[in-house]
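*Asks:* Got a structure for you, written out below as structure tokens; questions coming shortly.
The values are calculated or read from the model by the stated rules, or taken from the named source; none is laboratory data. Note that the coordinates shown come from a computational prediction; the quantities given were computed from them, not determined experimentally. Methodologically, a virtual Cβ is constructed for each residue, glycine included, from the backbone with ideal geometry; neighbour enumeration extends over all protein chains shown.
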Amino acid sequence: MFAAVYGMTVIGLQGHLIRVEVDVSNGLPSFEIVGLPNTAVREARDRVRSAIRNSGYQFPLQRVTVNLAPADLRKEGSGLDLPIAIGILVATDQCISATLAKYVFSGELSLEGSLRPVPGVLTMAITLNNENNIKSSSDANHSSETLCLIVPPDNLSEARLVTGLETHTTATLAQIVHGIENQGGFKDDIISRTLKTEVSSEVNVDWADVHGQQHAKRALEIAAAGGHNVILVGPPGSGKTLLAKAYSGILPLLSDQESIEVTQLFSVSGMLKSNGSLVQYRPFRNPHHTVTKAGMIGGGRELRPGELSFANHGVLFLDELPEFAREVLECLRQPLEDRQLTITRQSGSITYPAHVSVIASMNPCPCGYYGDQGRVCSCTPMQIQNYRGRISGPLLDRFDLHVEVPRLNYSELKNSYGPESSSSVRERVMAARWIQWSRLGPAKTNAEMSAKETKEYGELTPSGESLLHRIFDSQHLSARAHDRILRVARTIADLEGSPDISPEHLAEALQFRTLDKRLQI
């Protein structure tokens, strides 16, 4: 007896259609699963056996072989429980349906036969919808049946974020069998197919909550407008962390495409809520300095994403930057340049997006008070040099703006300077970004300009060229630093609505390269 049904697995951000082939033959009772299953898939044998029996069906006391095709693709997760169970019931004639080929099943089974949610359902729905679109375009003159996704109840709202795909659910294995035998007798239409958005973020610091620090605020506004990386340098308690948290509030809301990408990452990692909401706020990730390399960039046996990918289209805040392990910091160099991260291991290779704005903070020295006019630094020049030497020159080059955050005095702390709210600053940021999108293309910022685009749109006046030439030679800047200065100057010009980069714009960009000269003690 033989049956074949369809399931899905997710590897990275890519869904894969799996043909679950079940053969029930005479022989000693056994249950084997082949086709590169991982541990969670192999353990489906015990879950499926108990779920079938407790749902009122008979598990065959014969030799049961399940093949997961294609056999050379690694299968992960517990989402193949449901298609394996359906395949066994079809092979033993306990489930009969003429439309079985249209269904794709995904879900974990409990021992009693109820369905539990699985991660990555949004990615599965997007993949199936693309498959249906390809099938419809290739069979334009023929009627072809589109695929339908069957998921657990807690995943249905998430699956229905893809409005063009037919999706259904029931609570138990027995109800799913009843539904497919009655050719779609599912009673789940009460769940809305309307796109929901989740706009509240865990970080709720308004721009007006930050008193003083007008220089740092200006730098972060420039960074938000152009998508630049920033490093904040100042003594303890000067407001570096508060500034970083407030920064996420002045960033524009996610575009539709960006929202889908962020929601996908949350979905495959099991971090998405079961209310079927698109994530509409910029992620803010704040890993502790004890994070490992795998925790930062991803990896492990199943090549899961790390903090860098979770911050995609958002903010990665690295507090106390020199305290991070050097190998963790160095692994950020290539992703910050290429805006994507490829993890290659013996088991395979996966590419994750890394469109992040990095905000880092550090003290000027181990005690934190070097250069502070109110406190005396107790560190020796060698200690200061060793402390700053934990951040390599190539990594420091990836930060477009180096911002000093001095300690506030009492009057500055109490004087609000007529603070602006995050929404008013965001309006200026959005106006600058619209200029960049019209120049560079949708969703592309000045920080992402190529060398050719930087040369074309970062052209200086003769006086500006003279100024940059003088600073470049005196500070021994790299070619990367040269381009990043021009990109920051271009962003400052965009904030003012200027089509050209004036010497004033360039001078302001140059003053945000303080660490280039202060590293020499």
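*Asks:* Kindly indicate whether Arg480 is within 23 Å of Leu395 (Cα to Cα), among the basic types (Lys, Arg) and under 28 Å from the mean Cα position of the chain (by Cα).
*Replies:* Taking the combined requirement at face value, the residue satisfies it.
*Asks:* Further, regarding this structure: Among the residues of the stretch 309-325, are any hydroxyl-bearing (Ser, Thr, Tyr), under 11 Å from the mean Cα position of the chain (by Cα) and at pLDDT below 90?
*Replies:* Among the residues of the stretch 309-325, not one is hydroxyl-bearing (Ser, Thr, Tyr), under 11 Å from the mean Cα position of the chain (by Cα) and at pLDDT below 90, which makes the answer no.
*Asks:* Moving on. Has the stretch 41-51 got at least one residue that is in contact with a Lys or Arg (Cβ under 9 Å, 6 or more places away or on another chain) and within 19 Å of Asp93 (Cα to Cα)?
*Replies:* no
*Asks:* Taking the conditions exactly as written (within 23 Å of the chain's Cα centre (by Cα) and modelled with pLDDT under 90), does Leu220 satisfy them or not?
*Replies:* Judged against the criteria, Leu220 is not a match.
*Asks:* Pick from Ser416, Ser411, Ser438: which is of a type outside the set (D, E, K, R), surrounded by fewer than 14 Cβ atoms within 10 Å (Cβ to Cβ) and modelled with pLDDT of 90 or more?
*Replies:* Among Ser416, Ser411, Ser438, only Ser438 is of a type outside the set (D, E, K, R), surrounded by fewer than 14 Cβ atoms within 10 Å (Cβ to Cβ) and modelled with pLDDT of 90 or more.
*Asks:* Could you give every pair whose Cβ atoms fall below 8 Å, whose first residue belongs to the stretch 252-265 and is closer than 17 Å to Ser157 by Cα and without any contact (Cβ under 8 Å) to a residue 60 or more places away in the chain, and whose second residue is of a type in the set (A, V, I, L, M) and crowded, with 18+ Cβ neighbours inside 10 Å, counting only separations of at least 6 or pairs across chains?
*Replies:* Val262/Leu254; Val262/Val279
*Asks:* Sticking with this structure for a sec: Kindly indicate the residue of the stretch 2-23 that is within 25 Å of the chain's Cα centre (by Cα) and part of a strand (DSSP E or B) and also farthest from Leu68 (Cα to Cα) among those meeting that condition.
*Replies:* This residue is Gln14.
*Asks:* Which is assigned by TED's automatic domain parsing to the domain that holds Ala447, in contact with a Pro (Cβ under 9 Å, 6 or more places away or on another chain) and surrounded by 13 or more Cβ atoms within 10 Å (Cβ to Cβ), of Leu486, Leu467, Leu477, Leu506?
*Replies:* Leu467
*Asks:* If we scan the stretch 296-316, do we find a residue that is farther than 16 Å from Ala354 by Cβ, of a type in the set (S, T, N, Q) and crowded, with 17+ Cβ neighbours inside 10 Å?
*Replies:* no
*Asks:* Let me ask another. Would you please list the contacts, defined by Cβ atoms under 7 Å and residues six or more apart or on different chains, that run from a residue in the stretch 453-469 that is under 17 Å from Leu510 (Cβ atoms) to a residue that is among the basic types (Lys, Arg)?
*Replies:* Within 7 Å, the pairs are Thr454/Arg487; Gly458/Arg487; Gly458/Arg490.
*Asks:* Sticking with this one: With the condition kept exactly as written, say whether any residue in the stretch 391-399 is at pLDDT 90 or above and closer than 26 Å to Ala208 by Cα.
*Replies:* Yes - at least one qualifying residue is present in the stretch 391-399.
*Asks:* Kindly provide the set of residues from the stretch 330-361 that are hydroxyl-bearing (Ser, Thr, Tyr) and either part of a strand (DSSP E or B) or without any contact (Cβ under 8 Å) to a residue 60 or more places away in the chain (or both), ordered by number.
*Replies:* Thr342, Thr344, Ser349, Thr351, Tyr352, Ser357, Ser361 - these are the residues of the stretch 330-361 that are hydroxyl-bearing (Ser, Thr, Tyr) and either part of a strand (DSSP E or B) or without any contact (Cβ under 8 Å) to a residue 60 or more places away in the chain (or both).
*Asks:* Does the stretch 357-376 include one or more residues that are surrounded by 15 or more Cβ atoms within 10 Å (Cβ to Cβ), closer than 28 Å to Thr123 by Cβ and assigned by TED's automatic domain parsing to the domain that holds Ala481?
*Replies:* Checked the stretch 357-376: at least one residue is surrounded by 15 or more Cβ atoms within 10 Å (Cβ to Cβ), closer than 28 Å to Thr123 by Cβ and assigned by TED's automatic domain parsing to the domain that holds Ala481.
*Asks:* Also, I was wondering about something else. Taking the options Asp23, Asp93, Asp81, name whichever one is at positive phi and in the same structural domain as Asn129 (by TED's automatic domain parsing).
*Replies:* It is Asp93.
*Asks:* To continue, here is another question. Starting from residues that are surrounded by fewer than 24 Cβ atoms within 10 Å (Cβ to Cβ) and of a type in the set (Gly, Ala, Ser), keep the ones in the stretch 98-112 and report whichever is nearest to Glu166 (Cα to Cα).
*Replies:* It comes out as Ala101.
*Asks:* Also, I was wondering about something else. Quick check on Cys331: is it crowded, with 22+ Cβ neighbours inside 10 Å and assigned by TED's automatic domain parsing to the domain that holds Leu265?
*Replies:* no
*Asks:* Name every residue in the stretch 427-452 that is assigned to a helix (DSSP H, G or I), in contact (Cβ under 8 Å) with a residue 24 or more places away in the chain and not small (Gly, Ala, Ser), in order of residue number.
*Replies:* Listed by number, the residues that qualify are Arg428, Val429, Met430, Arg433, Ile435, Gln436, Asn446, Glu448.
*Asks:* Report yes if some residue within the stretch 472-490 is over 25 Å from Leu336 (Cα atoms) and touching a His at 6+ places or on another chain (Cβ under 9 Å); otherwise report no.
*Replies:* No, the stretch 472-490 contains no residue that is over 25 Å from Leu336 (Cα atoms) and touching a His at 6+ places or on another chain (Cβ under 9 Å).
*Asks:* Find all pairs meeting these conditions: Cβ atoms under 6 angstrom apart; at least six residues apart or on different chains; first residue within the stretch 398-412 and touching a residue at least 40 places away in the same chain (Cβ under 8 Å) and in a loop (DSSP other than H, G, I, E, B); second residue buried (at least 21 other Cβ atoms within 10 Å of the Cβ) and hydrophobic (A, V, I, L, M, F, W, C).
*Replies:* Every condition considered, the pairs that remain are Phe399/Ile231; Asp400/Val488; Val405/Ala216; Val405/Leu232.
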